[in-house]
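Take a look at the structure set out below.
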Amino acid sequence: MNTQKSEKLFEEAKKYIPGGVNSPVRAFKSVGGSPVFIKKGYGSKIEDVDGNEYVEYIGSWGPHLFGHNPEFIKQALLRAVENGTSFGAPTELEVEMAKLISRLVPSVEMVRMVNSGTEATMSAIRAARGFTKREKFIKFEGCYHGHADYFLIKAGSGALTLGVPTSPGVTQGNASDTLVADYNDIESVKKLVSSNKGQVAAVIIEPVAGNMGVVKINESFLKELKTLCEEEGIVLIFDEVMTGFRVAKGGAQEIYGIKPDLSTFGKIIGSGLPVGAFGGRKDIMEMVAPSGPIYQAGTLSGNPLAMSAGYATLSYIKEHPEVYRTLEEKSQYLEEGFRDNLKALSKDYAWNRVGSMMCMFFTEGSVTNFASAVKSDTAMYGKYFHEMLKRGIYLAPAQFEAMFVSTAHTKEDLDRTIKAHYESLKVVI
Ligand code: KE4
């Protein structure tokens, strides 16, 4: 496979951009080799600058529920750009977008648009702190909520992959209000709450973890967490940046029937444009400026270009909820193929899937939390990644990420992926 242009570009990029990329996980650091530079995407495929085509499962790390550049989103963007890109003033589409999010996710009585998942989660924590007048918050080891200082404590995704789950540059002052519990372990949460009585403003959790690989939440744990937060006056925040509109039209909270106090969104609500959002209980959100004193702002928040892509996406989801049945069928088909391969190779690698987000771990037995996830053989994952890449299948260049199926993946794509999965595993194990 010729990747000369990509390699040349990467050398050039490293002179001007830290690590040659604008987000660490893209750099192939944990799988080795140099990243392929992408020229274009269409449906389930991407093409790199050397003309290599891949069936891909990153979907820009989640936004592309309908694959790359679906016609209806492209047309929405082209119509929007005719009227200008951004005004820094209110527009009708922002009202329609807020109403639509609230309709699809009933726990969201009020919502504020921002420009990334990080902005959404950091603003939600600030709202919870302002509302409760408390300072500490609880996150879970291996969960990733973006790169605000106080989240980069035992964080997942790129932070975990690069071995800096607790990042330099995060001050002790900032870190001291971040309490870390174990995913799916209610006792670890109760211990933190009782030793910080009356000081915990919020618990923030990925209701399906997607940043230590995919880890399913234990439903009884989630119910107990909700009860504990209610009893202690703690704001429960579902970070649905990845799961929102991915695992169901109403996100993970629709699947588990648990209403958080606040939710955060990103990825799919921008469909590839920079969009994030946080929202939930009206009594909390009304404290956000300018209706209340909790300050939050953004030059490009709710800009018409990003809103047009997001609104087109969410409108499609509202009109066609059957897309989730299609995604489930395609994802189940892929899972069955992968499981058949593992059986044929007498390998019991852990495989977790919720809807169209999934992950295979190079560790046998189940993966239910951070401690079991990190048992995965990341070196073997790196070899597997490159074997799949050679066969024209582009996966996340890191073990601790999710694989996404889109409505654009055809049966031919899935069969080709299943075949490549078998051949690649045969080489690496
Ligand atoms: P952004 O600031 O990257 O838009 O969103 C941060 C974020 C917040 N919450 C969850 C649950 C997330 O998954 C993310 C971002 N996800 C990673 C992928 N694991 C983004 C990829 C990257 O960092 O390049």
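The values are calculated or read from the model by the stated rules, or taken from the named source; none is laboratory data. None of these values were measured; they are calculated from a predicted model. Methodologically, a virtual Cβ is constructed for each residue, glycine included, from the backbone with ideal geometry; neighbour enumeration extends over all protein chains shown. Ligands, DNA and RNA are excluded from the accessible area calculation, which covers all protein heavy atoms including side chains. Shrake-Rupley method; radii C 1.70, N 1.55, O 1.52, S 1.80 Å.
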Exposure ranking of Met358, Met1, Met287 by accessible area [1.4 Å probe, largest first]: Met1, Met287, Met358
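Out of the trypsin sites (Lys or Arg not before Pro) in the stretch 133-208, which ones are loop residues according to DSSP with at most 15 other C-beta atoms within 10 Å? Intermediate results must be reported in sequence, preceding the final value.
On the way: sites: Lys133, Arg134, Lys136, Lys139, Lys154, Lys190, Lys191, Lys197; in loops: Lys133, Arg134, Lys154, Lys197.
The qualifying sites are Lys133, Lys197.
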Among Glu231, Glu286, Glu53, residue whose mean-square fluctuation peaks in a GNM of the chain (springs only between Cα atoms under 10 Å): Glu231
The chain, accessible area per residue, ligands and nucleic acids excluded (1.4 Å, Å²): 41 Å²
Cα-projected label distance for Glu231 with Leu345, points at 7 Å along beta-carbon direction, nm: 4.6 nm
Virtual spin-label span in nm between Ala148 and Lys8, 7 Å along Cα→Cβ: 4.4 nm
Listed residues Phe28, Phe238, Phe385, most fluctuating in the chain (Gaussian network, C-alpha, under 10 Å): Phe28
Principal axis dimensions, the chain - Cα atoms, whole angstrom, descending: 57, 54, 46
Mean projected area (nm²) of the alpha-carbon convex hull when the stretch 155-207 is viewed from all directions: 4.5 nm²
Computed [θ] at 222 nm, deg cm²/dmol, the chain (DSSP H ≥ 4; -39,500 (n - 2.57); rounded to nearest 500): -12000 deg cm²/dmol
Of Ser346, Ser123, Ser366, the one that fluctuates the most in a GNM where the chain has Cα springs shorter than 10 Å: Ser346
Computed P(r) (all Cα pairs; the stretch 244-297; 10 Å bins; percent): 22, 43, 31, 4
The stretch 306-334 versus the stretch 375-421: alpha-carbon centroid distance in Å: 22 Å
Nearest-0.05 FRET efficiency for Phe87 and Glu53, computed from C-beta distance (R0 56 Å): 0.90
Surface share of carbon and sulfur [accessible, 1.4 angstrom probe, percent] for the chain: 52 percent
Protein-only accessible surface order, largest first, of Asp377, Asp239 at 1.4 Å: Asp377, Asp239
Local net charge near Gly198, Cβ-Cβ under 9 Å (Lys/Arg +1, Asp/Glu -1): +1
Projected-area average for the stretch 109-195 over all orientations - Cα convex hull basis, square nanometres: 6.8 nm²
Ratio Rg/Rh [Cα only; Rh per Kirkwood] for the stretch 71-319: 0.96
Candidates per chymotrypsin sites (Phe, Trp or Tyr not before Pro) in the stretch 261-339, loop by DSSP, up to 16 other Cβ within 10 Å: Tyr295
Rounded to the nearest 10 Å², the accessible area of Thr299 at probe 1.4 Å: 120 Å²
Net lengthening on full extension, Glu224/Arg416 (0.36 nm per residue, minus Cα-Cα): 64.9 nm
Charge sum, other residues only, whose C-beta stays under 15 Å from Ser346's C-beta, Lys/Arg counted +1 and Asp/Glu -1: +1
Where a label projected 7 Å from the Cα of Lys197 along Cα→Cβ would reach, residues of the stretch 218-245 with amide N under 14 Å: 232
Radius of gyration and Dmax over the Cα atoms of the stretch 1-143, both given in Å: 20.0, 57
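Tell me, what is the FRET efficiency for Glu336 and Thr166 to the nearest 0.05, using R0 = 51 angstrom and their Cβ-Cβ distance as r?
After rounding to 0.05, the efficiency reads 0.85.
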Among the listed pairs Lys154/Lys223; Lys39/Lys249; Lys282/Lys330, those beyond 29 Å (Cα-Cα): Lys39/Lys249; Lys282/Lys330
